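Read through the structure below, which is laid out as structure tokens, and then see the notes.
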Amino acid sequence: VPVTIKVHREDRVDDEVREQEFVKGASGLELGLETVLRGEEGWVEVRREPRTGKRTVLAEKRAKDGVPIVLTIDARDQQAAFEAMRGEPGAFVVVNAETGAVLALASSPSYDLEEFGAVNSYWRDRKDVARSPLYDRSYRLAQIPGSVMKPFTAIAAYRSGDFTLEETILCEELFYLNGRPLDSNRCAHHHGPLDLHGALVKSCNVYFQTLLDRMRSRNLVEVFHGTGTDFGFGRGTGLEVEPDSAQDGGRLWGNWHFGGVQKIAQLVASAIGQGQVTLTPPQIARAYAGLATGYLPRLHLVQRTGARETEVERVRLDLDPVLMKVVRRSLKEVVQPGGTAPGYRLAQFGISAKTGTAQTGRAHRHVPIHNGWMAGYAPAREGRPPMAFAMVVLETPGSGAEACGPKLADFFQRFYAPERQ
């Protein structure tokens, strides 16, 4: 009796082996684009005569090669970003502020491929988010962002109609809720009266908590939440490697309507990036791209799939030009004398930034441990595109400026090097 069989043109990989490959090797972008990169197997359907052995081709499907992928990342920028972290735990993300193309996506510490077996064995049963070389902090890490949140609190308050740019708020170091001082929400300094410009440059906690407390008292907290949503907090950035968990990484508060003063204090602390706020480095870099350009871009790592270029997607933000003039001028002065990050050579690169020192509640030998942040942007110059960035250094005893400032200066020295033109 003639028998019809299927013969594969390539060796078939059984399901069990392929599943092991996913666990041990393919991850991130390779896993996300698995079907595109791997291609399709081919086959031939033939009829074989049992007596003569003659085979007749009935149907066939030729094997299809995988499609080549070209990334937006430049190897030199990626190397510079990784080396700027100096092996300290954290992450550094740099994006094209207009197109959303990722220029660098660095997680530190990492590992040597030649030592992968030993590293995998050592870290297999550990879940140290800060230091595991097998955990990619560049897009998975969702942490309290600290004061890099403050520009978005100001935009929300302005939208609520609850304050003017000329108004000053008195900072006497302590923040008062319903007439009671909250030591956990205090400011680092006694700033005196400040307007928005001064509050951003000096990073006054009392100022921004007062703005959000006003919105709370007038039942306008939804404006704060809506502003965060507009800037991509709590939503996916578009990154092809981004897991579902990262898409929910940003949140602004819990159920503060019940629980009394403690819950309200946590809500108010969200104004300065504490309390109920957690964000990922790509979410913050993307939001600062929005501050720079007035558009929120979709981030992407893939520049071209085969012959098809990735389309640029961005959404126009409803930003008041008068308000943004003050915000942008303030962020530019943060890296200048009088700001929170002077003396790190950042001003020479035209950087506008905001520092953040996020309290973790932990200490080492009675020294508080923080997560240090810096986020910002710079215009196009010296042959490089307009860019936005976010850097976080985990478990540092210093401020965000102390932890990130020198590292950023090293990176931008190479980013704007003459040979890069």
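The values are calculated or read from the model by the stated rules, or taken from the named source; none is laboratory data. Predicted model only: the values in this text are computed from it and were never measured. Quick reminder, even Gly has a Cβ in these numbers, built from the backbone with ideal geometry, and neighbours come from all protein chains shown. Ligands, DNA and RNA are excluded from the accessible area calculation, which covers all protein heavy atoms including side chains. Shrake-Rupley method; radii C 1.70, N 1.55, O 1.52, S 1.80 Å.
Counting only helices (runs of 4 or more DSSP H) that sit wholly inside segment 18-132, those with at least 1 residues that are of a type in the set (Gly, Ala, Ser) and either open to solvent by 20 Å² or more (accessible area, probe 1.4 Å) or at pLDDT below 90 (or both) are 28-32, 75-84, 116-123. For segment 329-380, the tally of residues that are within 19 Å of Leu196 (Cα to Cα) and in contact with a Ser or Thr (Cβ under 8 Å, 6 or more places away or on another chain) stands at 10.
Of note, Asp318 does not satisfy the criterion of being touching a residue at least 60 places away in the same chain (Cβ under 8 Å), in a helix (DSSP H, G or I), among the charged types (D, E, K, R) and over 20 Å from Ser203 (Cβ atoms).
In segment 189-209 there is no residue that is touching a Ser or Thr at 6+ places or on another chain (Cβ under 9 Å), within 20 Å of Gln266 (Cβ to Cβ) and open to solvent by 70 Å² or more (accessible area, probe 1.4 Å). Scanning segment 210-223 for residues that are farther than 21 Å from Gly146 by Cβ and either surrounded by 24 or more Cβ atoms within 10 Å (Cβ to Cβ) or out of contact with any Ser or Thr (no Cβ under 6 Å at 6 or more places or on another chain) (or both) yields Arg214, Ser217, Arg218, Asn219, Glu222. Within segment 224-234, if we keep just the residues that are in contact (Cβ under 8 Å) with a residue 24 or more places away in the chain and open to solvent by 40 Å² or more (accessible area, probe 1.4 Å), the residue that is nearest to the chain's Cα centre (by Cα) turns out to be Asp230. Which of the residues spanning segment 301-315 are over 9 Å from Ile69 (Cβ atoms) and more than 19 Å from the chain's Cα centre (by Cα)? Within segment 301-315, Ala307, Arg308, Glu309, Thr310, Glu311 meet the criteria.
If you check Val326 against the conditions, is it open to solvent by less than 80 Å² (accessible area, probe 1.4 Å) and part of a loop (DSSP other than H, G, I, E, B)? I'd like the intermediate steps shown before the answer.
Working: open to solvent by less than 80 Å² (accessible area, probe 1.4 Å): yes; part of a loop (DSSP other than H, G, I, E, B): no.
Answer is no for this residue.
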